[in-house]
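Heads up: the structure comes next, in structure tokens.
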Amino acid sequence: MARWAIAIHGGAGVDPNLPEHRQEEAKRVLARCLQVGVDLLRAGATALDVVEAVVRELETDPCFNSGRGSALTRAGTVEMEASIMDGRGRRCGAVSGVSTVRNPVSLARRVMDKSPHSYLAFDGAEDFARDQGLEVVDNSYFITEENVGMLKLAKEANSILFDYRIPLAGADTCSAQAAATENHNNNGMVMNGLPISIYAPETVGCAVVDCNGFTAAATSTGGLMNKMTGRIGDSPLIGAGTYACGHCAVSCTGEGEAIIRSTLARDVAAVMEYKGLPLQEAVDFCVKERLDEGFAGLIAVSGTGEVAYGFNCTGMFRGCATEDGFMEVGIWE
């Protein structure tokens with residue numbers, strides 16, 4: 001019997017000035033969702049079932065940017081994307097442009113299990129969800145009042161994407177934009193061309209190895225606030241945002257375009273396979289050497305029950321647990 005292990009994340013690139021109560025809220029959600037996965041693994045569930053269940057929990061809670069609480073497009077709508085991969089045989093499924101499916105990660109799994117394809121998008125994905133009998137809701141279900149307000153600010157401030165976890169009530173557009181510029185000048189870190197203080201990726205993901213040594217990974221997101229309609233990031237792209245094989249399972253978060261260019265998730269597996277590096281060294285190598293000037297983070301588990309994570313930005317919402325009783329939830333280094 002192999003040792004099981006699980007890692008989850010709620011996004012990389014965290015404003016260092018994030019209010020304490022928001023940090024605690026995020027950690028409570030991470031701890032609850034992590035416990036869902038731990039309970040399933042203790043009961044003998046497969047890695048594939050666990051990653052789907054955990055990401056469904058994360059999609060349902062509006063704390064993070066996936067499912068309910070997803071970031072809004074320029075048109076004020078939600079377009080979600082997700083992927084899932086089974087390390088056994090490297091089977092995979094992915095969806096983009098989903099606007100009514102309550103849990104996009106479950107649609108991604110149906111694409112893998114019940115279709116001849118690996119990736120469906122927009123109307124095709126929506127039609128397939130209905131054919132499969134998955135729960136659908138009105139697009140308004142995913143939209144929160146807070147995100148509507150942040151989209152308005154983003155449009156008024158020349159498309160600056162404010163961190164919608166930080167209330168800006170009472171601040172006019174000019175002062176908010178000035179504050180963002182000041183923060184940018186102070187810390188100098190930029191993700192997707194935006195100061196870290198106003199950037200909120202908050203993609204969610206899960207990587208698992210079960211008691212049989214099988215791995216799986218899943219990632220889900222609403223994308224970027226005020227993004228162009230039709231924009232597709234790294235989360236649904238196998239090998240970029242998600243990857244699983246016999247060596248490891250990986251879920252990424254951060255600058256989508258940088259993750260895509262570096263095929264970050266697959267690279268972790270590749271350096272383990274071809275360079276013979278252990279998991280944490282492989283993660284560190286890829287974060288340091290493969291992102292060029294991009295900023296991102298990732299979680300990973302190995303087929304032998306190790307857990308690792310890495311990021312080159314300010315913080316990453318994350319949690320992990322192993323069969324020997326270790327459990328941790330964190331944000332900063």
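Here's the yes/no breakdown for (1) within 24 Å of the chain's Cα centre (by Cα); (2) modelled with pLDDT of 55 or more; (3) among the polar types (S, T, N, Q):
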residue	(1), (2), (3)
ASP123	yes, yes, no
PHE128	yes, yes, no
VAL136	yes, yes, no
ASN139	yes, yes, yes
ALA179	no, no, no
SER197	yes, no, yes
GLU202	yes, yes, no
ALA207	yes, yes, no
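If you go through the stretch 98-109 one residue at a time, do you hit one that is without any contact (Cβ under 8 Å) to a residue 40 or more places away in the chain, of a type in the set (A, V, I, L, M), in a helix (DSSP H, G or I) and open to solvent by less than 10 Å² (accessible area, probe 1.4 Å)? Checked against the condition, which is being without any contact (Cβ under 8 Å) to a residue 40 or more places away in the chain, of a type in the set (A, V, I, L, M), in a helix (DSSP H, G or I) and open to solvent by less than 10 Å² (accessible area, probe 1.4 Å), the stretch 98-109 yields at least one hit.
Looking across the stretch 222-243, the residues that are of a type in the set (A, V, I, L, M) and either under 13 Å from the mean Cα position of the chain (by Cα) or under 25 Å from VAL268 (Cα atoms) (or both) come down to LEU224, ILE232, LEU237, ILE238, ALA240. Scanning the stretch 100-122 for residues that are farther than 13 Å from VAL55 by Cβ and touching a Phe, Trp or Tyr at 6+ places or on another chain (Cβ under 8 Å) turns up ARG110, VAL111, SER115, LEU120. In this structure, ILE259 does not satisfy being touching a residue at least 12 places away in the same chain (Cβ under 8 Å), open to solvent by 10 Å² or more (accessible area, probe 1.4 Å) and either β-branched (Val, Ile, Thr) or assigned to a strand (DSSP E or B) (or both).
Is it true that some residue in the stretch 233-254 is of a type in the set (Asp, Glu), part of a loop (DSSP other than H, G, I, E, B) and over 29 Å from ASN147 (Cα atoms)? No. Looking at this structure, is GLU20 among the acidic types (Asp, Glu) and touching a Gly at 6+ places or on another chain (Cβ under 9 Å)? Taking the combined requirement at face value, the residue does not satisfy it.
Which residue, of CYS286, CYS252, CYS313, is within 29 Å of VAL111 (Cβ to Cβ), touching a residue at least 40 places away in the same chain (Cβ under 8 Å) and crowded, with 23+ Cβ neighbours inside 10 Å? Exactly one residue qualifies, and that residue is CYS252. The residue that is modelled with the lowest pLDDT, counting only those in the stretch 289-309 that are in contact with a Gly (Cβ under 9 Å, 6 or more places away or on another chain) and either of a type in the set (Phe, Trp, Tyr) or open to solvent by 10 Å² or more (accessible area, probe 1.4 Å) (or both), is PHE295.
Once the stretch 12-36 is narrowed to residues that are in contact with a Cys (Cβ under 7 Å, 6 or more places away or on another chain) and open to solvent by less than 40 Å² (accessible area, probe 1.4 Å), the residue that is nearest to LEU58 (Cα to Cα) is VAL29. Pairs needed: first member in the stretch 290-302, touching a residue at least 24 places away in the same chain (Cβ under 8 Å) and farther than 12 Å from GLY11 by Cα; second member anywhere, of a type in the set (Gly, Ala, Ser) and surrounded by 24 or more Cβ atoms within 10 Å (Cβ to Cβ); C-beta distance under 7 Å; at least 6 residues apart or different chains. As it stands, the answer is ALA300/ALA7; ALA300/ALA207; ALA300/ALA249; VAL301/ALA5; VAL301/ALA7; VAL301/ALA207; VAL301/ALA249, since those pairs meet every condition given. Restricting attention to the stretch 209-232 and to residues that are aliphatic (A, V, I, L, M) and not in a strand (DSSP E or B), the residue that is least open to solvent (accessible area, probe 1.4 Å) turns out to be MET225.
What about GLU59, is it closer than 18 Å to MET225 by Cβ, not in a loop (DSSP other than H, G, I, E, B) and not small (Gly, Ala, Ser)? When the stated conditions are applied, GLU59 passes them.
The values are calculated or read from the model by the stated rules, or taken from the named source; none is laboratory data. Computed from a predicted model, the values in this text were never measured in an experiment. Counting neighbours? That spans all protein chains shown, and the Cβs are built from the backbone with ideal geometry, glycine included. Remember, those area values only see protein heavy atoms, side chains included, never the ligands or the DNA or RNA. Shrake-Rupley method; radii C 1.70, N 1.55, O 1.52, S 1.80 Å.
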